[in-house]
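Notes for the one structure printed next.
The values are calculated or read from the model by the stated rules, or taken from the named source; none is laboratory data. As the structure is a computational prediction, the values presented were derived from the model and not from experiment. Cβ placement follows ideal geometry from the backbone for every residue including glycine, while neighbour counts extend to all protein chains displayed.
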Amino acid sequence: AQSVTQLGSHVSVSEGALVLLRCNYSSSVPPYLFWYVQYPNQGLQLLLKYTSAATLVKGINGFEAEFKKSETSFHLTKPSAHMSDAAEYFCAVSRTGGGNKLTFGTGTQLKVEL
Amino acid sequence: SQTIHQWPATLVQPVGSPLSLECTVEGTSNPNLYWYRQAAGRGLQLLFYSVGIGQISSEVPQNLSASRPQDRQFILSSKKLLLSDSGFYLCAWSPGTGAGTDTQYFGPGTRLTVL
């Protein structure tokens, strides 16, 4: 069964600093991987997705993620944090078995400090 | 372009009362539809998904049910709410065919508080 693990339920960075949110996956087949962002009391917004094309995926709002098969990782990065990046971030992996279902990680709350 | 709507945005209901949450999608046909629950401080739990009208699959046994009376309408219901039904309910859709069927797009959510 596919699963994702997000290391660190809370991450705090200073404005202008590098953002690194960690996601490791487990999958018996080549996975499709996703990062979503959720602002308070809102739905999830797709940041980016990996579907076996380029291993470095660029998304919206300056975020990018790199698929590393050897490390089974798909970490999300942004070179310079902005106050508006404060939100909860979810990593997800597609499931096999039909229905186009996703398995989500437990989320990482990003706090950006002045 | 496609849009997804959920209503109501917030709801406060007494224990034992019925529930009906509605989700509609515009701008696409034959979407896959999903209901998730997000409890405070926890991740997303898939409750139901549907690949077509009248076709509902349940992920976990619970006090809730789902129906899909029309192609782009998905309804989450309960006959008698429990305190544990409180949470943030999210509807999502993905293309039913073609490229991108694995990518889900989420609605704005409904905050349900059961008292």
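If you check A:L20 against the conditions, is it more than 22 Å from B:Q38 (Cα to Cα), more than 10 Å from chain B (Cβ to nearest Cβ) and at pLDDT 95 or above?
Numbers: more than 22 Å from B:Q38 (Cα to Cα): yes; more than 10 Å from chain B (Cβ to nearest Cβ): yes; at pLDDT 95 or above: yes.
Criteria met by A:L20.
For segment B:81-115, enumerate the residues that are within 19 Å of B:I56 (Cβ to Cβ), of a type outside the set (F, W, Y) and buried (at least 20 other Cβ atoms within 10 Å of the Cβ).
B:D85, B:L90, B:C91, B:A92, B:S94, B:Q104, B:G107, B:T110
Name the residues in segment B:94-115 that are of a type in the set (A, V, I, L, M, F, W, C) and facing chain A (nearest Cβ under 10 Å), would you?
If the condition is that a residue be of a type in the set (A, V, I, L, M, F, W, C) and facing chain A (nearest Cβ under 10 Å), then B:A99, B:F106 are the ones that fit.
Please state which of the following conditions B:Q70 fails to meet, knowing it meets all the rest: (1) out of contact with any strand residue (DSSP E or B) (no Cβ under 6 Å at 6 or more places or on another chain); (2) facing chain A (nearest Cβ under 9 Å).
The single condition B:Q70 does not satisfy is (2).
Residues checked against (1) buried (at least 18 other Cβ atoms within 10 Å of the Cβ); (2) at pLDDT below 95; (3) at negative phi:
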site: A:L47; (1), (2), (3): yes, no, yes
site: A:Y50; (1), (2), (3): yes, yes, yes
site: A:S84; (1), (2), (3): no, no, yes
site: A:C91; (1), (2), (3): yes, no, yes
site: A:R95; (1), (2), (3): yes, yes, yes
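Under 8 Å by Cβ, and 6 or more places apart or on different chains, what pairs join a residue from segment B:3-20 that is within 14 Å of another protein chain (Cβ to nearest Cβ) with one that is basic (K, R)?
B:A9/B:R111; B:T10/B:R111; B:L11/B:R111
With (1) assigned to a loop (DSSP other than H, G, I, E, B); (2) touching a Pro at 6+ places or on another chain (Cβ under 6 Å) as the list, and B:V15 as the residue in question, which single condition is left unmet?
The single condition B:V15 does not satisfy is (2).
Filter segment B:4-42 down to residues that are of a type in the set (G, A, S) and in contact with a Cys (Cβ under 8 Å, 6 or more places away or on another chain), then give me how many there are.
Count: 0.
Which residues, counting only those in segment A:13-35, are surrounded by 13 or more Cβ atoms within 10 Å (Cβ to Cβ), in a strand (DSSP E or B) and either in contact with an Asp or Glu (Cβ under 9 Å, 6 or more places away or on another chain) or of a type in the set (G, A, S) (or both)?
Answer for segment A:13-35, where residues must be surrounded by 13 or more Cβ atoms within 10 Å (Cβ to Cβ), in a strand (DSSP E or B) and either in contact with an Asp or Glu (Cβ under 9 Å, 6 or more places away or on another chain) or of a type in the set (G, A, S) (or both): A:V13, A:V19, A:N24, A:S26, A:F34.
Any idea which of A:L110, A:L114 is at pLDDT below 95 and either touching a strand residue (DSSP E or B) at 6+ places or on another chain (Cβ under 8 Å) or within 14 Å of chain B (Cβ to nearest Cβ) (or both)?
A:L114
Residue check: is B:L64 more than 14 Å from chain A (Cβ to nearest Cβ) and surrounded by fewer than 20 Cβ atoms within 10 Å (Cβ to Cβ)?
When the stated conditions are applied, B:L64 does not pass them.
Restrict the check to segment A:64-77 and report whether at least one residue is in a loop (DSSP other than H, G, I, E, B), in contact (Cβ under 8 Å) with a residue 40 or more places away in the chain and of a type outside the set (G, A, S).
yes
With the requirement that a residue be over 20 Å from B:D102 (Cα atoms) and aromatic (F, W, Y), what does segment A:1-42 give you?
If the condition is that a residue be over 20 Å from B:D102 (Cα atoms) and aromatic (F, W, Y), then A:Y39 is the only one that fits.
Please specify each residue of segment A:26-67 satisfying the condition of being under 11 Å from the mean Cα position of the chain (by Cα), within 12 Å of another protein chain (Cβ to nearest Cβ) and of a type in the set (A, V, I, L, M).
Answer for segment A:26-67, where residues must be under 11 Å from the mean Cα position of the chain (by Cα), within 12 Å of another protein chain (Cβ to nearest Cβ) and of a type in the set (A, V, I, L, M): A:L33, A:V37, A:L46, A:L47, A:L48.
Could you go through segment B:29-48 and let me know if any residue there is in contact (Cβ under 8 Å) with a residue 60 or more places away in the chain, surrounded by fewer than 18 Cβ atoms within 10 Å (Cβ to Cβ) and closer than 16 Å to A:K101 by Cβ.
No, segment B:29-48 contains no residue that is in contact (Cβ under 8 Å) with a residue 60 or more places away in the chain, surrounded by fewer than 18 Cβ atoms within 10 Å (Cβ to Cβ) and closer than 16 Å to A:K101 by Cβ.
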